[in-house]
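Everything on this sheet refers to the single structure shown next.
The values are calculated or read from the model by the stated rules, or taken from the named source; none is laboratory data. Worth saying up front: this structure is predicted, and the values here are computed from it rather than measured. Because the Cβ atoms are built from the backbone with ideal geometry, glycine has one as well, and the counts that use them run over all protein chains shown. Quick note on the areas: whole protein, heavy atoms, side chains included, nothing else; ligands and nucleic acids left out. Shrake-Rupley method; radii C 1.70, N 1.55, O 1.52, S 1.80 Å.
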Amino acid sequence: MTSNTQKADENRSKRKKEMENEASENPQLSSLDKTDFSEGSQSHYKPEPLEKALNEMNKEIMNLLSKYAHILSERAAMDASYVQELDGILKEARTIENHLKQKRESLKQRFTVIANSLQS
């Protein structure tokens, strides 16, 4: 097992030397000699674009949620005004109902007086 590890280390060091030689021969590959190709190296991914995209998405989501909350509050206000308007209509209907009941009683009394005077 140690011989396998030693061979892998030797192969890595050979590849690294070859890359350095190629980079010195070819100036376009000079950026490769700065990078580490060992097994433990992390990817050269820059998290800034991802964080920026996530922040933008977060702002957009918060904006949409804010608009949604605003629409809900407007609808709640409209519902409350409808309830008030319906309460007013119901109150007016009860007033009219009471007035019509009083008129009916008044007419009953008049008809009773007229009927009694006709019978006598």
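In table form, for the structure just shown:
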read-out	value
Sites ASN55 and ALA77 - FRET efficiency at Förster radius 30 Å, r taken between beta-carbons, to 0.05	0.40
Heavy atoms of LYS14: accessible area, 1.4 Å probe, square angstrom to 10	120 Å²
